[in-house]
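Contents: one structure, followed by commentary.
No lab work stands behind these numbers, since they all come straight from the coordinates. All figures in this text were calculated on a predicted structure; none of them were measured in a lab. For neighbour counting, all protein chains shown are included, and Cβ atoms are generated from backbone atoms with ideal geometry for every residue, glycine included.
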Amino acid sequence: MKYAVLIGDGMGDYPIPELGGTPLEIAYTPNMDEIARKSVCGVAQTIPNGMPKGSDVANMSIFGYDPKEYYTGRGPIEAAGLGVPVKRGDVAFRCNLITVEGGIITDYSAGHINTHDAEPLIKALD
C-alpha cells in the first residue's frame with residue numbers, strides 16, 4: 001500500500017470578495033479532485049490544545065514528534081533547516097520582515113525581500 005500525506009499548509013487563505021471565496025475554493029483542481037476521489041481522506045488535529053497555532057507545531061506533530069515535549073519555538077527549527085548549529089542554552093530567534101500600509105500588515109514577507117536587500121535591515125535590528 002502506498003501513502004501520500006498532503007499538508008495543505010496555508011491553503012485555506014482568506015476569502016477575496018471579488019473572487020467569491022478563497023483562492024482554494026475557486027481554484028480549478030482536477031488532479032487534486034481525482035486523487036481525493038480515489039483516496040481515503042480525513043482530518044486530524046495536528047496542533048495539541050494549548051499549543052501555538054502554526055505550521056511549525058503542526059508539522060512537528062505530523063512527523064511524529066510530540067510538540068509538547070520538543071517544541072521550543074520556530075527559531076531553532078529555522079536554524080536547523082539552515083544548518084546553523086544551536087547548542088543547549090542558545091537562543092535562536094526568527095524574524096519576518098513585513099510590509100505595513102496604513103497601520104495594517106499587508107504582506108508577511110516584505111514582498112519576498114531577497115537576502116541582499118534584507119541584510120542591512122537585519123543588521124540594524126541585530
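So here's what we get for this one:
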read-out: Sequence-distant aspartates and glutamates (8 or more away, or on other chains) whose Cα lies within less than 19 Å of residue 2; value: 33, 34
read-out: Efficiency of FRET between residue 18 and residue 91 - r from beta-carbon atoms, R0 25 angstrom, step 0.05; value: 0.05
read-out: Approximate spin-label separation residue 4-residue 38, in nm, with each point projected 7 Å along Cα-to-Cβ; value: 0.8
read-out: Viscosity 1.306 mPa s, temperature 10 °C, Stokes-Einstein D of the chain from Kirkwood C-alpha radius, µm²/s; value: 87
read-out: Peptide ranges 9-15, 120-126, 76-82 listed from the most packed, as the mean C-beta count within 10 angstrom indicates; value: 76-82, 9-15, 120-126
read-out: Where chymotrypsin sites (Phe, Trp or Tyr not before Pro) fall in DSSP loop in segment 1-73, at most 11 other Cβ within 10 Å; value: 3, 28, 63
read-out: Filtered trypsin sites (Lys or Arg not before Pro), segment 1-61: DSSP coil and at most 10 other beta carbons within 10 Å; value: 2, 38, 53
